[in-house]
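Right, one structure below, let's go through it.
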Amino acid sequence: MANLLLYISLFLIWYMLFYHAFLMIGGFLHLLKDGKFKKGLKISLGSFPKVSILIPAHNEEVVIEDTIKSMIQLNYPKDKLEVIVINDNSSDLTGAIIDSYSKRYPFIKAVHTKPPNAGKGKSGALNQGLKHSTGEIIAVYDADNTPEPNAILYLVLGLCNDKNAGAIVGKFRVVNANQNILTRLINIETLTFQWLAQAGRWFWFKMTTIPGTNFAIRRTILEELGGWDEKALSEDTELSIRVYNLGYYIRFFPSAITWEQEPENLKVWWKQRTRWARGNLYVIFKYLFGLNKLVNKKVFIDLFYFLFTYFLFFGGVLLSHIIFVVNLIVDLKLSIGMVSYVLLITGFLLFVSEVCLALSMERNQLTIKNFWTVVFMYLTYSQMWIFLVIYSSFLEMKRIVLRQEVKWYKTQRFKSIEKQKQSV
Amino acid sequence: MGNSRGAINKSSVLFVIATVLIFWLNVPTGSADIKDEAKVLVIYTSRDGEIDEYQRSLDMLISHFTNDVTFISSEEVEKNDLRNVTHLFYYGQVNARLPSTFVTLFDDYSGTFVAIGYNSDQLGDKFAFVTPLHEREVNQVNLTSNKEDVFDVISQNIIHIEVTEDTEIVIEGKKIGDIISYPILVKNENHYFYAVDSISSQKSILFGEILHDIFNANHDAKHPAYIRLEDIHPLVDPENVRQIAEILKEKNIPYMVAVIPVYTNPITGEKHHFSNSPELLKVLKEMQKDGGSIVLHGYTHQFRESETGEGFEFWDVENNTPVYAPPDETITLQNENDFNTKAEYESYIRNLQEYEREYIESKITRGIQELVNYGLYPLAFEAPHYTMSQNGYTVISEYFSTYVGQIQLSDNDWEIMDSTPYITSPSFLNGMQLLPETLGYVRPDDPDAIQNMMKKAEGFQHTKDGMLAAFYHPYLGVERFVKLISEMEKLPNITWIDLKQTDLWVKADHVEIYTENGEIKADINRGGLLLSSLDFPLFHFKKFVGLVIWGMAIVGGIAVIAFILFTIFLQSRKTKMEG
C-alpha cells in the first residue's frame, strides 16, 4: 500500500515537474523570439487609440501618490490618455490625494464610490471605473504600481498590431526585492512565474493569465462580458477565461514593465496568497465542476493545470512527505530503492536550474546571492506553499459548505518605496 | 511435405543430423531396445500384503531397464499373470507360508527368474540349487569377477545359503576382518537368487550392476551427474548464487537450480516473492540462459508456521501423515478398525486424499505459473525435504515428467526415504522419470562433508551407469562450492545432465513447457495466465513502472543539463551585448 502511494505521489509530482520544464523551455524560446515582435510593432502617429487606465484604490494613501506620479511620466499622447483612479470607499487620505492630482492634470479623473456601490472589492471598483471611462482600450494597474514610462505604449502597440489578442499582459518586477529575505524570495518567484508560466504558456499554447495589473484589454470585450465578476476572488483568472471563451487570446509582452510592491512580512504574504489560492480554487469549481460552459477548449489546459497544482501536485508532495516521515519511524518496506534518491536529487537540481534560467533572463538577477537564495527557497519557501494550499482548500470548502459570502482581503502596503526604488 | 525432391532431401538430412545429435547429447538412461522387450512381473510377499518401501526400492531398480513392471502379491497371483512375462521376480520380504498353488505355479515358465529374500524353497523346484540356512551380517561386498574391488556397505543381514556345485556365485560379502565370504547373489542358468531381505540404494549397488546382465542391457559405462543449487528462495543473497553460476558457466557444467517461489517468515508470517527480489530474479534468468535449469522445489517449502527451506510443505510432519487438513485444523487420523466396513474406510481415505490432491494441485499450479510469469521455466520437480505421499507423486506426475532427488517410499513415515543407484522410471511414480540424488549435500557443520560425499560417489561408481548427483546450498559460500565441484569433476566417466537436453514436459493451467533440441519451449496462454491471479499482471506492471521511474530520472537529468546550457548561453549573450 505504501509502495502504491509512493509511486502515485511520484508520478503526480513528476508529471508536474516535467510540465514545468516544458513551460520553461517555452519561456526560453519566447525570449529568443520576442525581439522580433517588438521590432515589428508599427503605429502611425495620428492613430493612437484612446486609453483608459483604471486604478482601484481602497485606503492606499501610502502608495497612491507614487502611482499617480508614474502615470504622469507615461510616454503616451496625453490627449489620448485617461487615468481613472477609483477611490473605493477609503477612510484615509486616498481620496484627497487623488483629487489634488485630478485638479492639476486634466487626464487624471477621480471616481469616488459610495455605498451601496462601494467596498465591494476590486472587481466592483473596476466596474465603477469602467462606467466612467471612455477609452477604446482599458488598462489596469494596482494602486501600488509604478509602471515604466513606456509600459502603456508597449501594451497599446501590442494590441494594435495583433488583432487576435483580446488583451495584453506586461511584466511586473518587484520594487522592494532587496528589502528582506522574503521579498528576495518573492522576487525570484515572480520572475520564474512570468518566464515559466506566462511566457512558456504563451509560447506553446498562446495563453497567458491576466495577473491583475499592468494589462490592457479592448473595451468591446469588456462590454460584451459585462465587466468583472464581482463574486470572483481572483477576478483576473476569471476574466482571462472569459476572454478565451470569446475566441481571443491574451498576449504576453514582457517589454511593458511595471514595478510593484510585494509583502514584506509573512503574515501579509500569507493573507495575500491565501486569496490567490482561494481564487483559483473558485475558478476550478466554477468551470471544471460547475455548469458554465467552456467555449474555448484551450482553457482546459489551464483549469487542468490549476486542478493539478492545487489538488494533485500538492497532494503528491504531501503524500511523499508523509511517507518519508512515517518511513523514518516505522519500516514501510518500500521497494523503490536507489531511484528514489536519484529522483530526489534530480528534482532538486531541476528546480534550481529552472529558476536560475529564469533569473538569467533578467539583467543582474543571476547573482551568487540569488543562487543560494534559490537553494534556500526549495527547502523553505516552496514548502510553505503546501500549507498555504491546505489552508486555502480548507477555507474554500468551508465557504462552500457554509455558503459564506466572499470577502476581499486588501493587501497591506509598505512605506519607503522611493528609497528602495533607488537601490534597485 | 516439401514440394521438390531437394527439399525432401534437405529435411531428411536435417532429421538425421538432429537424431544423431539427440542420441549423442542424451544422457544414457535405460536403453530403449530392452525397454520394449522386457516384461517384468514381481510377485511379492510383504508384511501386510500391500506394496511397501521394499517393493518400491526394487521397483526403482528394475524400472531402469523397462517400463513394463507389474507387482502382484503372492496371495493373489495366478498362473495367468505369468503370460508373456520375460523376467520374473519373486521378492519374499518376510518369512511366510506361500499358497499351495506355488508348487506348480512356475512349471510352464522358462524365462529369467530372480528370487529375493525368503521363501525361495516354496517356489516349486526352481530354486532347489539354493539351501537357506541362518542369517549372517556383512559390511563388505564385491563381485566375484573382480575380487580386488571390495567396498564397504552399511552393515546388513544376509541369508546364509548353501548352493549346488553348478551354481555360480556372482556377488559375495563378508564382515570386515573375517576371512569367510558368503554368497549374496548366485546364478544357476537363468535363475538368480539374491540373499537379502531388504533393498536399499547403497546396499543394492552391486545388485543393480548385475541387473544389467540379467536384463542383458548393454548400457554405456558413463556416470550421469548433476549438481543442484538448493533452496533458492526470494531472500537468498543473489551475490553468492551469481558467483557460483559464473563458476559453473566458466567450467561449462550444466546444473540445476531448486527454486522456491515464496519465502515465508516464520515469525511474522510475511511472504516474500521473487517480484520483490529483482536482483536475484535477474541472476536466475541469467542462469537459465546459461547452463542452469530451474527445478520447482515446492511453492513455499513450509507448512503451518515453519520457515521456508526448513519446513515441510507436502507432508504434515507434526502428525507424520500426508497433508490431510488445512494448517489450522487438527485431525486425528482414524484407522480401519474405527470403521464398520472396509468400504467406509476406503471412502474416508479417498476424501482425505482428495483434500491432499487439491492442496498439492493449487500449490504446484501456482508455483509453475508464478515462475513462468517471471520468465523462469521449471523443467522438473523436487519435493521439499523429499517428502511426499504416494498419492502426492501421482498428482505431481500430472504436472511434471521429471522428478529430481530422493523418494519417500512409505506413507507411514516420512523418514523412510531413499534414492536408487541410477536413472529410472519406477511404476509408482506414474511415468515420471526419476533423476536420483545419490551423494547428499555439503553439511554446514561437517568439515569432512565433501570427503564423505566422494566416498559415497566411489560406491555408486560400482554400477555401470550409477548416478553421481549432489546438491549445494549457495549460502555456504563460493569457496566450499569450488571445492565440491572440483572434486566432482575428478570423478571418472562423468557426464553432466542438462535438463534442457533431455526429453521432458511440464504442464499446468495455461502453461505447457517442453524441450526441443536443447531449447526450452513454452506454450503459454498469456491471457489466461494473467487472469489467473492479480499478482501476475501486477508484476509486469510494477516492472514497467520501475522502468518509467528510471526514465523520469533520466529525462529529468537531461532537462537539468539543458537548463544549465541555456543559462550559460543567455549569460554569454548578455556579456557579449554589454561588451
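The values are calculated or read from the model by the stated rules, or taken from the named source; none is laboratory data. Just so you know, these numbers come straight off a predicted model, no measurement behind them. For neighbour counting, all protein chains shown are included, and Cβ atoms are generated from backbone atoms with ideal geometry for every residue, glycine included.
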Looking at A:Ile417 and the list (1) under 16 Å from A:Thr274 (Cα atoms); (2) β-branched (Val, Ile, Thr); (3) at pLDDT below 65, which single condition is not satisfied? (1)
With the requirement that a residue be more than 9 Å from chain B (Cβ to nearest Cβ) and within 24 Å of B:Ile558 (Cα to Cα), what does segment A:311-339 give you? A:Phe313, A:Gly316, A:Val317, A:Ser320, A:Met338
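Being part of a helix (DSSP H, G or I) and either more than 23 Å from A:Leu395 (Cα to Cα) or not acidic (Asp, Glu) (or both) narrows it down to one residue among A:Gly227, A:Gly200; which is it? Give the derivation first.
Details: A:Gly227 fails: part of a helix (DSSP H, G or I).
Result of the check over A:Gly227, A:Gly200: A:Gly200.
Restricting attention to segment B:86-104, which residues are buried (at least 20 other Cβ atoms within 10 Å of the Cβ) and of a type outside the set (Gly, Ala, Ser)?
Initial filter on segment B:86-104 (buried (at least 20 other Cβ atoms within 10 Å of the Cβ)): B:87-93, B:98.
Answer for segment B:86-104, where residues must be buried (at least 20 other Cβ atoms within 10 Å of the Cβ) and of a type outside the set (Gly, Ala, Ser): B:His87, B:Leu88, B:Phe89, B:Tyr90, B:Tyr91, B:Gln93, B:Leu98.
So that you can scan it fast, the table gives a plain yes or no per residue for (1) within 20 Å of A:Ile152 (Cα to Cα); (2) buried (at least 21 other Cβ atoms within 10 Å of the Cβ); (3) in contact (Cβ under 8 Å) with a residue 60 or more places away in the chain:
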position: A:Pro77; (1), (2), (3): yes, no, no
position: A:Lys80; (1), (2), (3): yes, no, no
position: A:Leu93; (1), (2), (3): no, no, no
position: A:Ala96; (1), (2), (3): no, no, no
position: A:Arg104; (1), (2), (3): no, no, no
position: A:Val111; (1), (2), (3): no, yes, no
position: A:Lys114; (1), (2), (3): no, no, no
position: A:Ala118; (1), (2), (3): no, no, no
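Answer yes or no: is there a residue in segment B:560-567 that is touching a residue at least 24 places away in the same chain (Cβ under 8 Å), out of contact with any Ser or Thr (no Cβ under 6 Å at 6 or more places or on another chain) and in a helix (DSSP H, G or I). Before you say what the answer is, go through the steps one by one.
Initially, segment B:560-567 is screened for residues touching a residue at least 24 places away in the same chain (Cβ under 8 Å), giving none.
No, every residue in segment B:560-567 fails to be touching a residue at least 24 places away in the same chain (Cβ under 8 Å), out of contact with any Ser or Thr (no Cβ under 6 Å at 6 or more places or on another chain) and in a helix (DSSP H, G or I).
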When only residues in segment A:340-386 that are charged (D, E, K, R) and more than 27 Å from B:Ile549 (Cα to Cα) count, which is farthest from the other protein chains (Cβ to nearest Cβ)? A:Lys369
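Does B:Ser306 satisfy the criteria of being touching a residue at least 60 places away in the same chain (Cβ under 8 Å), at negative phi and surrounded by 14 or more Cβ atoms within 10 Å (Cβ to Cβ)? Step through it out loud before you land on a result.
Values: touching a residue at least 60 places away in the same chain (Cβ under 8 Å): no; at negative phi: yes; surrounded by 14 or more Cβ atoms within 10 Å (Cβ to Cβ): yes.
Against the criterion (touching a residue at least 60 places away in the same chain (Cβ under 8 Å), at negative phi and surrounded by 14 or more Cβ atoms within 10 Å (Cβ to Cβ)), B:Ser306 does not qualify.
Before we move on, is A:Gly35 in a helix (DSSP H, G or I), crowded, with 17+ Cβ neighbours inside 10 Å, within 12 Å of another protein chain (Cβ to nearest Cβ) and small (Gly, Ala, Ser)?
On the way: in a helix (DSSP H, G or I): yes; crowded, with 17+ Cβ neighbours inside 10 Å: no; within 12 Å of another protein chain (Cβ to nearest Cβ): yes; small (Gly, Ala, Ser): yes.
No, not satisfied.
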Looking at segment B:511-532, which of its residues are touching a helix residue (DSSP H, G or I) at 6+ places or on another chain (Cβ under 6 Å) and in a loop (DSSP other than H, G, I, E, B)? B:Gly518
Taking the stated definitions as given, is B:Ile549 under 30 Å from B:Tyr377 (Cβ atoms), facing chain A (nearest Cβ under 7 Å) and surrounded by 14 or more Cβ atoms within 10 Å (Cβ to Cβ)? yes
Got a sec? Which of A:Ser9, A:Ser52 is away from chain B (no Cβ under 14 Å), of a type in the set (Gly, Ala, Ser), buried (at least 21 other Cβ atoms within 10 Å of the Cβ) and in contact (Cβ under 8 Å) with a residue 60 or more places away in the chain? A:Ser52
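Does B:Val94 satisfy the condition of being over 27 Å from B:His212 (Cβ atoms), in contact (Cβ under 8 Å) with a residue 60 or more places away in the chain and either assigned by TED's automatic domain parsing to the domain that holds B:Tyr192 or within 26 Å of the chain's Cα centre (by Cα) (or both)?
On the way: over 27 Å from B:His212 (Cβ atoms): yes; in contact (Cβ under 8 Å) with a residue 60 or more places away in the chain: yes; either assigned by TED's automatic domain parsing to the domain that holds B:Tyr192 or within 26 Å of the chain's Cα centre (by Cα) (or both): yes.
It is true that B:Val94 is over 27 Å from B:His212 (Cβ atoms), in contact (Cβ under 8 Å) with a residue 60 or more places away in the chain and either assigned by TED's automatic domain parsing to the domain that holds B:Tyr192 or within 26 Å of the chain's Cα centre (by Cα) (or both).
Regarding B:Lys542, is this residue over 30 Å from A:Ser9 (Cβ atoms), surrounded by 16 or more Cβ atoms within 10 Å (Cβ to Cβ) and either at the interface with chain A (Cβ under 10 Å from one of its Cβ atoms) or in contact with a Gly (Cβ under 7 Å, 6 or more places away or on another chain) (or both)? Before the answer, list the steps.
Numbers: over 30 Å from A:Ser9 (Cβ atoms): no; surrounded by 16 or more Cβ atoms within 10 Å (Cβ to Cβ): yes; either at the interface with chain A (Cβ under 10 Å from one of its Cβ atoms) or in contact with a Gly (Cβ under 7 Å, 6 or more places away or on another chain) (or both): yes.
So B:Lys542 fails the test.
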Can you tell me which condition A:Leu395 does not meet? The list is (1) closer than 16 Å to A:Tyr7 by Cα; (2) touching a residue at least 12 places away in the same chain (Cβ under 8 Å), and all the others hold. (1)
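Looking at B:Val153, B:Val170, can you tell me which residue is part of a strand (DSSP E or B), under 32 Å from the mean Cα position of the chain (by Cα) and in contact (Cβ under 8 Å) with a residue 60 or more places away in the chain? Lay out the reasoning, then the answer.
Values: B:Val170 fails: in contact (Cβ under 8 Å) with a residue 60 or more places away in the chain.
From the options B:Val153, B:Val170, the qualifying one is B:Val153.
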Positions within segment B:283-322 being touching a strand residue (DSSP E or B) at 6+ places or on another chain (Cβ under 7 Å) and closer than 18 Å to B:Gln390 by Cβ, in sequence order: B:Pro322
Qualifying strands (runs of 3 or more DSSP E) (wholly inside segment B:401-510; at least 1 residues being touching a residue at least 12 places away in the same chain (Cβ under 8 Å) and in contact with a helix residue (DSSP H, G or I) (Cβ under 6 Å, 6 or more places away or on another chain)): B:402-405, B:468-472, B:505-508
Whichever residue in segment B:332-383 is in contact with a Gly (Cβ under 8 Å, 6 or more places away or on another chain) and part of a helix (DSSP H, G or I) and, among such residues, is farthest from B:Asp231 (Cα to Cα): B:Glu356
For B:Ser572, indicate whether it is within 14 Å of chain A (Cβ to nearest Cβ), part of a helix (DSSP H, G or I), polar (S, T, N, Q) and surrounded by fewer than 20 Cβ atoms within 10 Å (Cβ to Cβ). yes
With respect to B:Val560, determine if the residue is buried (at least 17 other Cβ atoms within 10 Å of the Cβ), among the β-branched types (Val, Ile, Thr) and either modelled with pLDDT under 95 or farther than 29 Å from B:Val241 by Cβ (or both). yes
